[in-house]
Structure formats: structure tokens, C-alpha cells
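Read the structure below first, then the notes.
Only the coordinates and a few stated rules stand behind these numbers; no lab work does. Keep in mind the model is a prediction, meaning the values are calculated, not measured. All Cβ positions, glycine included, derive from the backbone under ideal geometry; neighbour counts span all protein chains shown.
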Amino acid sequence: MVVIRLSRGGSKRRPFYNLVAANSANRRDGRFLERVGFYNPVAPEGTEALRVALDRVDHWVAHGAQLSPTVARLVKEAKAKAAPAA
């Protein structure tokens with residue numbers, strides 16, 4: 001099964017996460033199918049902390065992928081930001 005989840009990067013106390021579509025049997029930071037965005041929880045003010053390719057997330061969900069709870073929250077937040085701009 002394909003799942004869209006966070007893959008951790010960065011260093012100690014400086015987390016950086018990639019949003020990836022991966023096979024659920026693969027390790028958290030292991031092999032993935034596609035990178036669909038990133039999340040930087042410690043981004044300085046004025047820089048981009050979250051970027052999600054909503055069209056690619058919709059593509060994977062249409063093909064049966066499931067979102068992890070955290071990614072579902074981040075996608076909802078990204079859609080809310082994109083809606084007023086549209």
C-alpha cells in the first residue's frame with residue numbers, strides 16, 4: 001500500500017521533513033516513490049516553512065494512497081493557505 005508520510009532529515013534539534021509517497025513496507029527515511037513537498041517546523045520568520053504539491057497529493061490519493069495523520073493536517077493547512085490566494 002502507498003502512504004504519504006514524513007521522512008525526517010536535518011540534524012539534531014534542527015528537524016526538516018520531506019513529504020514523500022512511499023510503500024508502507026519501506027522504512028521511514030528509506031526508499032520512496034516521489035517527493036511531494038517539505039515541512040520545516042523551525043523555519044525562521046519570513047521563510048517558507050511548508051510547501052506541498054497539492055496536485056501530486058491528489059494524484060496519489062486518487063490512486064489509493066493514504067495520508068498519515070500529520071500529513072493530513074499539513075495538507076489541510078496548505079489547502080487553506082492556497083484557497084484565499086485563488
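Per residue, the Cα convex hull of the chain amounts to 94 Å³.
Let me check I've understood the local charge: for residue 28, count other residues with C-beta under 13 angstrom from its C-beta, Lys and Arg +1, Asp and Glu -1. What total comes out? Walk me through the numbers before you get to the answer.
Working: positive: 5, 8, 27, 31; negative: 29.
In short, +3.
Bridges between two residues of the chain, per DSSP, are antiparallel at a rate of about 90%. Summing Lys and Arg as +1 and Asp and Glu as -1 over all other residues whose Cβ lies under 14 Å from the Cβ of residue 82 gives a net charge of +1. Dipole magnitude for the chain: computed about the Cα centre from +1 point charges on Lys and Arg Cβ and -1 point charges on Asp and Glu Cβ, it is near 400 debye.
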